[in-house]
Amino acid sequence: MSELVLDRLRKEYGSFVAVDDVSLHVREGELVALLGPSGCGKTTTLRMIAGFIEPTAGRITIGGRDVTWDPPYRRDTGMVFQSYALFPHMTVAQNVAFGLEMRKVPRAEAETRVRRALDLVRLGHLADRLPRQLSGGQQQRVALARALVVNPGVFLLDEPLSNLDAKLRLEVRVEIRELQKRLGLTTVFVTHDQEEALTLADRLVVLDHGVVQQVGTPEELYEAPANLFVAGFIGRSNVLRGRVVERGRFVTEAGLALAVPTDGFEPGAAALALRPERITVIPGAAGNGVSGRVALVTYLGAATEYRVTLDGGESLTASMATPRPGDPLKRVGAGDVVTLTWPAETCRLLAPDRGAPTDEGGS
Ligand SMILES: Nc1ncnc2c1ncn2[C@@H]1O[C@H](COP(=O)(O)OP(=O)(O)O)[C@@H](O)[C@H]1O
Ligand SMILES: [Mg+2]
C-alpha cells in the first residue's frame, strides 16, 4: 500500500505563504500531475513530500504511515530532479547504486538491482560511462533509474522533461508513462506545461499562489473549469465579461446579448468562457450568430485560427479544421465580415474574479 495523502500541507517563508493548506489524496498506482505557473509552489510541495523541506503545518502520510517528520531516506519515495543532479565523477552504475548504498543494501543484491533498473530505462549498455559522456535524454534516464532502483512506494518527478528538446521530451514522456503504469507506481509529476499534464496524468491538481484551484481528470478540468484561472490555464478559453440579466441570458460589457446556461447564477456580474474550437466561422453575414470582422488568420496545419473583432469591439478566437481548397472559408482573410455561431450549452459561466481560493483541496 503506497497511497499518498497530504493534509492541509503548508509552507511559509516569513510572512510569504508558498504552499497554502494543500490537501490531496493520490491513490495507489495513480499518476497525479501538479500543474501551475512558475512560482506557484509545485517544487516546494514536492520537496516536502520527499522530505527535503520541513512543512510549517500539515501532515503527509504514505501507505497510512505518517512520514511528516521522517528524513528523506525513510520515506519510501524516489525523486527525479529537474536538473538531474547526477554525480559527475561517478559512472552511470555508481550513480544508480547510490540510493542503495545509503540504505545499506548488500553489494550483490545492489548490483542485480542496478542492472535491472538500467535495463528498465534501456541504458544497460552504458553502465560504465560518466554522465558527461551521455546525451541529455540519457542523463535523464539515469536519473529515472536512480529514483526507481529503490523500489519507491511514491515516485516524485519535478519537471523532469524541461531540459530536453521538444522531440525527446515527447519520447521520454511516453517512456515515463509506460514505466509508471507497468510498475504500478503511485506518482506525483510536477510540470508547468498543461499539455504535458493533460496527456500524462490520471488526475491533475491546478495550483496558483500556493492554493489548489481544482482537482480532477483532464476531461473534468477541460470541460468544467472551476474558475477563470483554470479555464485559461487548461487549454485556452475566450473570456467575455458582463452580467447575467435574466435566466438564460447574458449581456457582455459591450452590450452583446447571448443565450447561455445560467444554472447556479443569479443576475449580476459574471464571466463567460468559451473554447475556440467550439466556435464555427461562417463567411459573410448570416442571420443567426454574432457578426464581426476577421482581424487575423493563423494557419496551424490541421487547424486554422480566426481572431474576430465583434461589432461591439470585443474579440473572440475561433479554431476551425483548416478548410480544403474550394471551401468558401478558405478565402476568408483579415478585414472580411464573418458570422460566429456556437451551441449555447458550450458556454460556461464563471465567477468574475480570477480564481476562487478553496478551503478544500482534496477530492
Ligand atoms: N527558501 C525560500 N525562501 C523564500 N521563498 C522561497 C524559498 N523557496 C521558494 N520560495 C518561494 O516560494 C514560491 C514557490 O516556489 P516553488 O515551489 O519553487 O515554485 P514552482 O516550483 O511552482 O515554480 C516562489 O514564490 C518562491 O520564490
Ligand atoms: Mg519548480
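The table below gives the values:
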{"quantity": "Residues of the range 102-126 that turn out to be small (Gly, Ala, Ser) and surrounded by 18 or more Cβ atoms within 10 Å (Cβ to Cβ), as a count", "calculated": "2"}
{"quantity": "Residue, farthest from ligand 1 (Cβ to nearest atom), within the range 9-52, restricted to residues that are more than 29 Å from Asn151 (Cβ to Cβ) and assigned to a strand (DSSP E or B)", "calculated": "Asp21"}
{"quantity": "Checklist (1) in contact with a Ser or Thr (Cβ under 6 Å, 6 or more places away or on another chain); (2) of a type in the set (Val, Ile, Thr); (3) in the same structural domain as Val174 (by TED's automatic domain parsing) applied to Val205, failing item", "calculated": "(1)"}
{"quantity": "Wholly within the range 251-334, strands (runs of 3 or more DSSP E) carrying at least 2 residues that are more than 21 Å from Tyr222 (Cα to Cα) and open to solvent by 60 Å² or more (accessible area, probe 1.4 Å)", "calculated": "290-299"}
{"quantity": "Residue list for the range 236-250, filter: in a loop (DSSP other than H, G, I, E, B) and farther than 19 Å from Ala226 by Cα", "calculated": "Arg247, Gly248"}
{"quantity": "Members of the range 162-183 found to be closer than 25 Å to Glu3 by Cβ and open to solvent by less than 10 Å² (accessible area, probe 1.4 Å), listed by number", "calculated": "Ile176, Gln180"}
{"quantity": "Exclusive hit being away from ligand 2 (no atom under 16 Å from the Cβ) and closer than 30 Å to Lys11 by Cβ, set Gly242, Gly255, Gly216", "calculated": "Gly216"}
{"quantity": "Condition check for Phe189: open to solvent by less than 10 Å² (accessible area, probe 1.4 Å) and more than 15 Å from the chain's Cα centre (by Cα)", "calculated": "no"}
{"quantity": "Test: Arg247 is charged (D, E, K, R), open to solvent by 10 Å² or more (accessible area, probe 1.4 Å) and farther than 20 Å from Gly312 by Cβ", "calculated": "yes"}
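Rundown of residues vs (1) within 16 Å of ligand 2 (Cβ to nearest atom); (2) open to solvent by 30 Å² or more (accessible area, probe 1.4 Å); (3) at pLDDT 95 or above; (4) outside the structural domain of Asn151 (by TED's automatic domain parsing), yes/no style:
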position: Val19; (1), (2), (3), (4): yes, no, yes, no
position: Leu31; (1), (2), (3), (4): no, no, yes, no
position: Leu35; (1), (2), (3), (4): yes, no, yes, no
position: Leu46; (1), (2), (3), (4): yes, no, yes, no
position: Ile49; (1), (2), (3), (4): yes, no, yes, no
position: Trp69; (1), (2), (3), (4): no, yes, yes, no
position: Arg75; (1), (2), (3), (4): no, no, no, no
position: Met79; (1), (2), (3), (4): yes, no, no, no
position: Leu100; (1), (2), (3), (4): no, no, no, no
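The values are calculated or read from the model by the stated rules, or taken from the named source; none is laboratory data. What you see is a predicted model; the values in this text were computed from it and never measured. Neighbour counts are summed over all protein chains in view; Cβ atoms, including those assigned to glycine, are modelled from backbone coordinates with ideal geometry. Keep in mind that these areas ignore ligands, DNA and RNA; they rest on the heavy atoms of the full protein, side chains included. Shrake-Rupley method; radii C 1.70, N 1.55, O 1.52, S 1.80 Å.
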